[in-house]
Amino acid sequence: MADIEEARKQFERIDTDGDGQITAAEFKAALAQGGDWNVTEAVAEAIIASRDLNGDKLLSFDEFWAHVNK
Ligand SMILES: [Ca+2]
Ligand SMILES: [Ca+2]
């Protein structure tokens, strides 16, 4: 079972500028920090697009949570 508090912490760690939206650049940086240096910005954009429910190319916490809480 997914934990919303844990998900929020994860989200805040990825959202480095704290505006409540994860951009492809922020996502790519987070993955690189986790050791996944192969992720290009195009790949990060594709991952975000697959989770982006409203099509603004940004990942809000609701969208992030909808993905985690499956
Ligand atoms: Ca952000
Ligand atoms: Ca969105």
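Where a number appears in this text, it was derived from the coordinates with a stated rule and is not lab data. Just so we're clear, the structure is a prediction, and the values are computed from it rather than from any experiment.
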Set of lysines near K57 by C-alpha distance (under 16 Å), chain-local residues within fewer than 8 positions excluded: K28
Mean separation of Cα contacts under 8 Å, 6 or more apart, over the residue count of the chain: relative contact order %: 34 percent
Kyte-Doolittle at least -1.0, axis length at least 20 Å by Cα - qualifying DSSP helices, the chain: none
